[in-house]
Amino acid sequence: MDTENMQKAMPTLSFEERIEKDEKIEARDWMPEEYRRTLIRQISQHAHSEIVGMLPEGNWVTRAPSLKRKAILLAKIQDEAGHGLYLYAACETLGVSRDDLLRELHSGKAKYSSIFNYPALTWADMGAIGWLVDGAAIMNQIPLCRTSYGPYVRAMVRICKEESFHQRQGYEIMLTLSRGTEVQRNMAQDALNRWWWPSLMMFGPGDSDSVHSLQNLRWKIKRFSNDELRQRFVDMTVPQADLLGLKIPDPRLCWNPERNHYDFGPIDWDEFWNVVKGNGPCNRERLSDRVAAYENGAWVRDAAIAHAQKQRSKQVPAAS
Amino acid sequence: MSIGIERVEYVLHLADNALILGQRLGEWCGHGPVLEQDIAMTNIALDYIGRARMLYQYAAGICSPESTEDQLAFMRNEWEYRNLLLVERPNGDFAHTVARQFFLEAFQMDYFKALQHSGDATLSAIAEKSIKETAYHFKWASEWVIRLGDGTEISHHRMQEAVDALWPFTGELFCEAPCESWMRKSFDCPDPAAMRSGWSARLQSVFAAAGLEIPTGNWMQEGGKTGRHTEHMGYILAEMQYMQRAYPGMEW
C-alpha cells in the first residue's frame, strides 16, 4: 500500500497542510497509512453498527402494533441497510473489500456499536431506540459531515438526514405512549430506564481514557471530544424527557447554572467495557445472527456469481 | 348491508394476501443472504404492507363506521382471514421465498391489469398502483429463479426443490371463491381462472431460462380463500396480533 501511495502524484500541499486548510482528502490522494487504517476502522465499525442495529428493530417488525407502525419500522430498517451499503462503499474507496470487512466482523475482530448488544424487549424500545440511540448517533455523526475524508463526508450527509427523521419517529412513538394509558406510560418509562445509560455510553470513554481521540481530532476525523458530545446530548434530551412526563433514571441529574449545562451521575464504565468485550446481554446472539445470515446466504451469492459468469462466457463468442 | 358482504370479503381476500405476504417478507429483515437483497425484500414487504393498508381502509369504510384498518388486520380470528395458502407458507431458504413470490407475481401480472378495468373505482385505483409494483416484483423474482436455477448445482437443486414444494399451493390461485364470482358478475372483477394461460406462459419462459422443470402434479391444496388455513397461520397471527390482543383498544 505504501509503494502504491508513493507512486501517486504528491499534492502541492502536504497532507497535514491540506487538513489544516480544511481541504477534503479524496480516495486517490496520498494519505498516511495510519490515517487510512483509522478511517477503515471507524467507517467499517459504523457500517457494522448499521447492519447489526437492524437486528433489535427487525425483532419487532412482525409484532408492530399497527399497520402504519409496521410500515414505518420496515422503512427505517431499510434506511439502515442503505447506510450500511454507503459506508461499506466508502470503505472500499480505501482499498478494502466488503467481504474482508464482514470477515472481521464475524470473527469478532471488528467492533460495532455496543448499544446493539442490549435487548429490545417491548414496543416502547422502538421509541426509545429512535429517540435516544439515534439521537446519540446523530450527535456523534453530524460533526462527521465535516470530517476530512471526502467519501465519508458524502455518505454522512445522507445518513444524517435520514437519522434525524428516525429520531423524530422514535420520539413520536414515545409521545404517543406517554399520552396513552397507564400501561403504555409504564412501558415508555421502563424503556427509558433501560436505554438511558447505554445511550450515554455510546459517546465512548471519557476524554481522559479515550485511546484514539487525540490523533483523530488532529486529523479532523473527529471534531469534538466524547465528553463534549455526551454533554450536548444530555442537555438536549432532558427537556425532551420532561415533555414526555418521563423520569430520567439518574438521581444526580440537575441543572448547573454555573456551567450552563446539566450535571449527571457517573457512568458505569465497568458495564461498558464488559459489553465491549462481549459480555453484554445479546453480544453472542447478535453476532451469531449475522454469521448465520452470511453463511446461509453463501450458496445464493455463489449462484449469482456463477450465473453471471455463465452469462458473460455466452456473450464473449457472440461478440467476437 | 347484505349487498356489501361479498365485496368486503373480496377486498379482505386481497388485503389478507398483501398483509400475510408482507409479514412473511418482513421476517427476512436483517437476515437476507446479502445486504442488497435484504433491502430488496424489505422494499417488497413495504409495497405489500402499503397495499394491505389501502385495501383494509377501503374494507373498513364499507364494513361499519367503527371498523378500522388495524381492527381488520389484527383482530380477526384465523378462519376469518381470506388469504391464499401460498402466502402463508414459511420463508424456508431463499429459494422458497423466491418461488413463493414468483408464483404469486406471475399470477398478479395479469390479475391487477384486469382488476384495473373493474367497475369498482377504489379497487381499480389500487390495482393501477399495484400493476407498477407487480412489474418490479415479478422482475425481481424471475431474475432470482433464473440465477438460482442456472447458478450452481446446489442452487439449482434448491430452486427445483422449492418449486416442487410450493407447487401444490398454486392451484388455489385459479379457483374462484364465491365472493370472487359475485364481484365478477356485479363489478366485472377478474375471473382468476382466466389468468392461467398467462401464468403458464410466464412459468414456461422463466423456467426454461433457469433450466428448471415445471412440476406435473395436479393434486392441489386449497382453502385459504374460504378461511381454512394451514397450521402455519396460527403462528403468524400469534406473532402479528400480539400487541393488539395483549393491549386492546389502545393507540400506538
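The values are calculated or read from the model by the stated rules, or taken from the named source; none is laboratory data. All values reported here derive from a predicted model rather than from experimental measurement. We place every Cβ from the backbone using ideal geometry, glycine too, and count neighbours over all the protein chains shown. Please note that ligands, DNA and RNA were not included when accessible areas were found on the heavy atoms of the full protein model with its side chains. Shrake-Rupley method; radii C 1.70, N 1.55, O 1.52, S 1.80 Å.
Identify the residue in the range B:227-246 that is surrounded by 15 or more Cβ atoms within 10 Å (Cβ to Cβ) and over 30 Å from B:S142 (Cβ atoms) and, among all such residues, is farthest from the other protein chains (Cβ to nearest Cβ). Looking at residues that are surrounded by 15 or more Cβ atoms within 10 Å (Cβ to Cβ) and over 30 Å from B:S142 (Cβ atoms), I get B:G227.
Let me confirm something: among B:G217, B:G249, which residue is more than 14 Å from chain A (Cβ to nearest Cβ), part of a loop (DSSP other than H, G, I, E, B) and loosely packed, with under 13 Cβ neighbours inside 10 Å?
Values: B:G249 fails: more than 14 Å from chain A (Cβ to nearest Cβ).
After ruling out the rest, the residue left standing is B:G217.
Selection of the range A:27-68 for residues being touching a strand residue (DSSP E or B) at 6+ places or on another chain (Cβ under 8 Å) and open to solvent by 10 Å² or more (accessible area, probe 1.4 Å) yields an empty set. Could you check how many residues of the range A:14-61 are over 23 Å from the mean Cα position of the chain (by Cα) and under 21 Å from A:P281 (Cβ atoms)? The qualifying residues number 0.
Looking at the range A:88-107, which of its residues are open to solvent by 30 Å² or more (accessible area, probe 1.4 Å) and assigned to a loop (DSSP other than H, G, I, E, B)?
Of the range A:88-107, the ones open to solvent by 30 Å² or more (accessible area, probe 1.4 Å) are A:89, A:92-93, A:95, A:97-100, A:103-104, A:106-107.
Those that are open to solvent by 30 Å² or more (accessible area, probe 1.4 Å) and assigned to a loop (DSSP other than H, G, I, E, B): A:T93, A:G95, A:S97.
Here B:S142 clears all of (1) surrounded by fewer than 23 Cβ atoms within 10 Å (Cβ to Cβ); (2) free of Cβ contacts under 8 Å to residues at least 40 places away in the same chain; (3) closer than 26 Å to A:A304 by Cα except the condition numbered (2).
Scanning the range A:100-137 for residues that are of a type in the set (S, T, N, Q) and within 17 Å of the chain's Cα centre (by Cα) gives A:S113, A:S114, A:N117. The number of residues in the range A:115-137 that are surrounded by fewer than 18 Cβ atoms within 10 Å (Cβ to Cβ) and of a type in the set (A, V, I, L, M) comes to 1.
Go through the range B:46-87 and report how many residues are assigned to a loop (DSSP other than H, G, I, E, B), open to solvent by 10 Å² or more (accessible area, probe 1.4 Å) and hydrophobic (A, V, I, L, M, F, W, C). Steps first, answer last, please.
First, the residues of the range B:46-87 that are assigned to a loop (DSSP other than H, G, I, E, B): B:64-68, B:75-77, B:81-84.
Narrowing the set further to residues that are open to solvent by 10 Å² or more (accessible area, probe 1.4 Å) leaves B:64-68, B:75-77, B:82.
From the residues that got through so far, the ones that are hydrophobic (A, V, I, L, M, F, W, C) too are B:75.
Residues that pass the stated criteria total 1.
For the range B:141-164, the tally of residues that are at the interface with another protein chain (Cβ under 10 Å from one of its Cβ atoms) and closer than 8 Å to B:A95 by Cβ stands at 4.
Residue count for the range B:22-45, restricted to those that are under 13 Å from the mean Cα position of the chain (by Cα), open to solvent by 10 Å² or more (accessible area, probe 1.4 Å) and within 7 Å of chain A (Cβ to nearest Cβ): 0. Contact map, the range A:155-184: residues that are surrounded by 14 or more Cβ atoms within 10 Å (Cβ to Cβ) paired with residues that are hydroxyl-bearing (S, T, Y), Cβ distance under 6 Å, separation 6+ or inter-chain. Pairs shown: A:A155/A:Y86.
Taking the listed residues B:S155, B:S181, B:S186, B:S124, the one that is surrounded by 20 or more Cβ atoms within 10 Å (Cβ to Cβ), of a type in the set (S, T, N, Q), at negative phi and over 16 Å from the mean Cα position of the chain (by Cα) is B:S155, with no other qualifying.
Among the residues of the range A:286-320, those that are of a type in the set (D, E, K, R) and without any contact (Cβ under 8 Å) to a residue 60 or more places away in the chain comprise A:E295, A:R301, A:D302, A:K310, A:R312, A:K314. Considering (1) open to solvent by 20 Å² or more (accessible area, probe 1.4 Å); (2) closer than 23 Å to A:R69 by Cβ; (3) modelled with pLDDT under 95; (4) touching a helix residue (DSSP H, G or I) at 6+ places or on another chain (Cβ under 7 Å), the lone condition that A:R223 does not fulfil carries the number (2).
Within the range B:121-133, residues that are at pLDDT 95 or above sit with their Cβ atoms under 7 Å from residues that are among the aliphatic types (A, V, I, L, M), at 6+ positions apart or across chains, in these pairs: B:L123/B:L115; B:S124/B:L115; B:I126/B:M54; B:I126/B:L55; B:A127/B:L115.
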